[in-house]
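The values are calculated or read from the model by the stated rules, or taken from the named source; none is laboratory data. Computed from a prediction, not measured in an experiment: that's the story for all the values here. Positions of Cβ are backbone-derived with ideal geometry, glycine not excepted, and every protein chain shown enters the neighbour counts.
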Amino acid sequence: MDYFFSKIKKTPTIKYTFATMVELNQEIKFLPGVGPKKAELFAKELKIFTVEDLLYYFPYKYLDRTKFYTVAEITEKEQYIQAKGIIRNFQLRGQGRKQFLTAVFSDETGKIDLLWFKGISFIQKNITSGKVYVILGKASRYGGKINIVHPEAEEIAKFQEKISTALAPSYNTSERMKRGYLNSKTIGRIMQATFKAIPSVTPETLPAYLIKELKLMPLGKALRNIHFPENDLTLRTARYRIIFEELFYVQLNLLRQKNYRKVTFRGYAFEKVGNYFNDFYDNHLPFELTNAQKRVIKEIREDLATGKQCNRLLQGDVGSGKTLVAMMVMLIAVGNNFQAALMAPTEILAIQHFETLTEMLAGLGLNIRLLTGSSKTKYRRELHEELQNGTVDILIGTHALIEDVVVFKNLGIVIIDEQHRFGVAQRAKMWKKNKLPPHIIVMTATPIPRTLSMTVYGDLDVSVIDELPPGRKHVTTAHRYDGQRLPVFKFMKGEIAKGRQVYIVYPLIEESEHFEYKDLEDGLESISRAFPPPQYAISVLHGRMKPAEKRKSMDLFVKGTTQIMVATTVIEVGVNVPNATIMIIESADRFGLSQLHQLRGRVGRGADQSYCILMTSFKLSADGRKRIKIMTQTNDGFKISEEDMKLRGPGDIEGTQQSGIPFDLKAANIVRDAEIMQHGRNIANDILEKDPDLSLPKNHILVARMKKMMPSSKNWSPVS
Ligand code: ADP
Ligand code: MG
């Protein structure tokens, strides 16, 4: 039998002793009012195991228990209603399982019905008809009448003696918890009891000097006030303390990793820019670099010369010319007698990079090779050998590059394009491809709000290309309903007559495997009718085609043999066909904002005016309509990413799944609390500057806390 219960049976006083002495790291079943059943619910549903876990389960809102509505004031619009009045006239209605209980609640201003569908006998036993109660619940309107279903009810005398705080906490609970009688109210009671049972001084989790300097509320007081606020002001101060602490530790951890890496990981020093770079720059560069391109090349170049491993994010909106930068950086590596690798998330993009680079670097006498999932065995074998004996200078490919069989003679740099499509683990594997870790540059066009980049990329150095090549016109974006397809077709014909090309993109229908490509297939049929041969030719591209078919289809479009490319989102990232000027996105409301932005980025890559047409049916969800509107209003990737985050919350933004936050945030929200996070980052930076390995006694508490919060990152594991 359970230790705790076997003890109480013999010596009941132990219960009391335990209850007054629980430690923060004790299991919650030792708490008054919990017991093994509820403890199991806490563990299963909320991952709450210890007293400390429980204290960090914060209310999601507070009810103002000093505010009472009169019955006449009650509407269904309020979040909740608290009212004082008499409950009487209980009636059982309905039959059998559909039976329910009603009662009338009244005060001097009027009366409403109360309804119970569950726990009927409990209510009948515990509520005395004719007495005054305080009720709490959400009003709803049914058949023109206002009523309250399943209100909480408490006798007025009991209510008055119990409520010690005006703001009563509400806790989120799951259905399963409610069924196990672990509702918000019960949690509140357990929380009350817990605060009585723990030592009054909660051990601090921040150094004393920080609490003093930043005038933070001590932890014990903050925890109490977050659950049972004395008033609005203490609640705010308490929340600030907890939020600050969470974000501060996120940043301290990231910066610590970044510093640690800089100190520990030696990297290859690329001492010169080398002949290849100079030759290309002087003789082969097809256009003047933008100032932004020049600046980031310089930043990267300096980084590569330090002898430390470079871990840098190269951020630049779609079409800003990241490929060229990547290429020139690889030339620096080759010029220093190293090999370079460029990794892309799709085969189409890898092939395109391969072709672009092969063409641009044609005069330099380099051995550039391609490796993808569909490379033939014989070719692979040969390639593996050439990589090992060093005859390959630049390798371009998909995640096939990561595989262990791919061994380099002397890999100096890895560039990862559209890095948000790769996982951290995948990228980390590239670290092992040489004796010292090669330099890593990750590129992304998915702009993410600054607040997010502080965490997602908080441990990387960042270079930003904030300028588009000259002559680019903004892509004109319009929304059209499906019924307006004919004019759209007509517009396409006009552009095609001018020699331009068109993408038409369909969403994948993910719910059903069979119909995955249904939209595309249906669409293709009508497009083929509207654009018949021999005047028009159409390319098709989707994920289920064989690699060779894909390549052929893409080639025909790149060469201009086909004028229309009907595709799924396989063309979403990276694809570069400057002559394509129209992007038509079908069922555009089914795409997320960053996807729409990426797709739109496929046009507007040359000097010609380009267009993006978002097609939808008349029926649009509110969010879908908002997304379409944002797209027609702005071309600015950063603005779009911010709107995206507002609509979806930070967790869902593409590329942020590996959010850089190694623990669940309990109180902080990285969007709402961006400023606090910046503050936390600055403070963390100061601390690490003065005490890089946190070895001063006053900072020991920081290390202890981080180890506890983030046990998995204790090995200082590399994040690239
Ligand atoms: P992204 O940053 O989206 O990967 P790309 O590297 O594909 O963009 O470049 C988009 C287009 O811009 C390509 O056709 C490329 O050749 C062209 N480009 C890049 N840099 C310049 C420049 N400095 N001047 C003019 N065109 C450029
Ligand atoms: Mg690109």
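Listed values, structure above:
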| item | result |
| --- | --- |
| Residue selected from segment 348-367 under the condition surrounded by fewer than 20 Cβ atoms within 10 Å (Cβ to Cβ) and near ligand 1 (Cβ under 10 Å from one of its atoms), by the criterion farthest from the chain's Cα centre (by Cα) | 360 |
| Residue in segment 304-314 that is part of a helix (DSSP H, G or I) and buried (at least 16 other Cβ atoms within 10 Å of the Cβ) present | yes |
| Residue in segment 603-614 that is more than 16 Å from ligand 1 (Cβ to nearest atom), under 17 Å from residue 508 (Cα atoms) and out of contact with any Phe, Trp or Tyr (no Cβ under 7 Å at 6 or more places or on another chain) present | yes |
| Tally, over segment 593-619, of residues that are away from ligand 2 (no atom under 16 Å from the Cβ) and under 14 Å from residue 572 (Cα atoms) | 3 |
| Qualifying residue in segment 313-320 (condition: modelled with pLDDT under 95 and either more than 13 Å from ligand 2 (Cβ to nearest atom) or more than 27 Å from the chain's Cα centre (by Cα) (or both)) | yes |
| Filter result (small (Gly, Ala, Ser), assigned to a strand (DSSP E or B) and farther than 17 Å from residue 156 by Cβ) within segment 95-121 | 110 |
| Residue within segment 333-347 that is within 24 Å of residue 466 (Cβ to Cβ), in the same structural domain as residue 440 (by TED's automatic domain parsing), more than 11 Å from ligand 1 (Cβ to nearest atom) and part of a helix (DSSP H, G or I) present | no |
| For residue 297: the one exception among (1) in contact with a Lys or Arg (Cβ under 7 Å, 6 or more places away or on another chain); (2) aliphatic (A, V, I, L, M); (3) part of a helix (DSSP H, G or I) | (1) |
| Total residues in segment 209-220, condition in contact (Cβ under 8 Å) with a residue 40 or more places away in the chain and either part of a loop (DSSP other than H, G, I, E, B) or more than 19 Å from residue 709 (Cβ to Cβ) (or both) | 2 |
| Segment 385-400, subset over 18 Å from residue 351 (Cα atoms) and touching a strand residue (DSSP E or B) at 6+ places or on another chain (Cβ under 9 Å), residue surrounded by the most Cβ atoms within 10 Å (Cβ to Cβ) | 387 |
| Residue 442 surrounded by 21 or more Cβ atoms within 10 Å (Cβ to Cβ), under 25 Å from residue 309 (Cα atoms), away from ligand 1 (no atom under 14 Å from the Cβ) and not small (Gly, Ala, Ser) | no |
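To keep it simple, each residue is scored yes or no on (1) of a type in the set (A, V, I, L, M); (2) crowded, with 18+ Cβ neighbours inside 10 Å; (3) outside the structural domain of residue 337 (by TED's automatic domain parsing); (4) over 24 Å from residue 337 (Cα atoms).
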site	(1), (2), (3), (4)
234	no, yes, yes, yes
244	no, yes, yes, yes
259	no, no, yes, yes
269	yes, no, yes, no
283	no, no, no, no
296	yes, yes, no, no
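Residues are listed down the side, and each one gets a yes or a no for (1) modelled with pLDDT under 85; (2) surrounded by fewer than 19 Cβ atoms within 10 Å (Cβ to Cβ); (3) more than 21 Å from residue 238 (Cα to Cα); (4) aromatic (Phe, Trp, Tyr):
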residue	(1), (2), (3), (4)
655	yes, no, yes, no
658	yes, yes, yes, no
663	yes, yes, no, yes
670	yes, no, no, no
677	no, no, no, no
696	no, yes, yes, no
704	no, yes, yes, no
707	no, yes, yes, no
